[in-house]
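Trainee: First the structure, which I've put down as structure tokens, then a few questions once you've had a look.
The values are calculated or read from the model by the stated rules, or taken from the named source; none is laboratory data. Please read all numbers here as calculations on a predicted model, not as lab measurements. Here the Cβ positions follow ideal geometry from the backbone for every residue, glycine too, while neighbour counts run over all protein chains shown. With ligands, DNA and RNA removed, areas are computed over all heavy atoms of the protein, side chains included. Shrake-Rupley method; radii C 1.70, N 1.55, O 1.52, S 1.80 Å.
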Amino acid sequence: MTLIDGSHIAKQIQTEVAKGIAHLTHRKPGLAFILVGNNAASQTYIRMKKKRCQEVGILSFDYELPQTVSEEDLLQEINRLNQDARVDGILVQLPLPPHIQSSRILSSIDPQKDVDGFHPLNVGKMLLGELDGFLPCTPLGIHVLLTRAHVPLLGKHVVIVGRSNIVGKPLAAILMQKAPHCNATVTVAHSLSENLHELCRSADVLVAAMGKPRFIQADMVKPGAVVIDVGINRISSQEGKTQLVGDVDFESVAPLCSQITPVPGGVGPMTIALLLSNTLLSYQRRLP
């Protein structure tokens, strides 16, 4: 069994982004962060992303808005950032408060600054296999992880357990494309899928992205399969301490695999690394 070290690969990407920025003389790339309310997890994620931006030379623009901000005021803020020449990427941290329609907010971002890859135009480009949009960071991070770990995908059966708009659906769209290091046969399964155990056991590459701690057990994995664990779940241990675990029961599954990602240190760091890469890409596309 080989561990796929996402932290190491993410650092490689960050180094590549930093080198791409170091020689710039016009201006540095800029990424705007919009945080609504005081969700502790969201604040932590933004701090991590801003730290990585600083390390590679991307300028951060912070916009913290109260929980009570109206949808219209938030839309006005995004429109202002759409027009701001210093800003190459706009990131609205999810989740948003219940009174704000997330789909309307994400659709208001200029698609050319949508470095998260959630705008309907970029989603459409992804499905069509067009290369001038932005791919969402976590699925793109998984694809890069598979590529750099030399996992063969041509004609292989990839089973993705989880059908979210953030991971499952876009990852399926990416891996099935007629493109380099794609061309996989993809099955998207979920909690209501019949014969889920059998589906998982048929996978050459099994991606766990359903948000259920240690859901994937050893009897669901084909010997020699590659397992990608997207889950990040906080659970309490027997000693009462908080523990981070994935959607895969790592201890029982790892001995069966040819390659597997750990949690933490697998997919998570890749998401931020590809956000940095997308921001530099946006800057390069927008140069006069």
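Trainee: At a 1.4 Å probe, what is the % contribution of carbon and sulfur to the accessible area of the chain? Don't skip to the end; give the middle numbers.
Mentor: Numbers: 7560 of 13910 Å².
C and S atoms contribute 54 percent here.
Trainee: So if I take the centroid of the Cα atoms in the stretch 200-219 and the same for the stretch 77-109, what is the distance between those two points in Å?
Mentor: So the separation of the two Cα centres works out to 34 Å.
Trainee: Can you tell me how the stretch 123-260 classifies by the Cα gyration tensor, rounded, prolate or oblate, using a/c under 1.5 as the rounded cut? Mind showing how you got there, number by number?
Mentor: Numbers: a/c = 1.85, a/b = 1.50, b/c = 1.23.
Here the stretch 123-260 falls in the prolate category.
Trainee: Something else: Kirkwood Rh, Cα Rg: Rg to Rh for the stretch 61-181? Working shown, then result.
Mentor: Numbers: Rg = 16.4 Å, Rh = 15.9 Å.
Using only Cα positions, Rg/Rh for the stretch 61-181 is 1.03.
Trainee: Moving on to the next point. For Glu194, what accessible surface area do you get with a 1.4 Å probe? Give it in Å², rounded to 10.
Mentor: We get 150 Å² for Glu194.
Trainee: While we're on this one: Whole Å is fine, so just give me how far the alpha carbon centre of the stretch 13-32 lies from that of the stretch 237-288.
Mentor: 23
Trainee: If you count the DSSP beta bridges with both ends in the chain, what percent of them are antiparallel, to the nearest 5?
Mentor: Working: 4 of 33 bridges.
The answer is about 10 percent antiparallel.
Trainee: Work out, step by step, the length gained on full extension between Leu192 and Arg47: first 0.36 nm times the residue separation, then minus their alpha carbon distance; give nm to one decimal. Please report the intermediate quantities before stating the final value.
Mentor: On the way: separation 145, 0.36 × 145 = 52.20 nm, distance 3.63 nm.
Between Leu192 and Arg47, full extension yields an extra 48.6 nm.
Trainee: Nearest 10 degrees is fine. How inclined is helix 137-148 to the longest principal axis of the chain, computing both from alpha carbons?
Mentor: The helix 137-148 is inclined about 50 degrees to the chain.
Trainee: Reachable lysines from Lys156, Cα under 17 Å, same-chain residues fewer than 8 places away excluded?
Mentor: Lys178, Lys222
Trainee: Considering only protein heavy atoms, what per residue accessible area in square angstrom results for the chain with a 1.4 angstrom probe?
Mentor: 48
Trainee: Hey, what does the equivalent ellipsoid look like for the chain, semi-axes from the Cα gyration tensor as sqrt of 5 times each eigenvalue, largest first, whole Å?
Mentor: Taking √(5λ) for each eigenvalue gives 32, 21, 19 Å, largest first.
Trainee: Something else now. Check each of the trypsin sites (Lys or Arg not before Pro) in the stretch 167-222 and keep only those in coil by DSSP with at most 16 other C-beta atoms within 10 angstrom; list them in order.
Mentor: Hits after loop and neighbour filter: Lys178.
Trainee: Mind running the shape call on the stretch 230-269? Use the C-alpha gyration tensor, a ≥ b ≥ c as the square roots of the eigenvalues: rounded below 1.5 for a/c, prolate if a/b tops b/c, oblate otherwise.
Mentor: Values: a/c = 3.01, a/b = 1.51, b/c = 1.99.
Cα axes put the stretch 230-269 in the oblate bin.
Trainee: Helix 40-56: angle to the longest alpha-carbon principal axis of the chain, degrees 0 to 90, nearest 10?
Mentor: Helix 40-56 sits roughly 80 degrees off the main axis of the chain.
Trainee: Take the Cβ-Cβ distance between Ala85 and Ser164 as r, set R0 to 30 Å, and report the resulting FRET efficiency rounded to the nearest 0.05.
Mentor: 0.35
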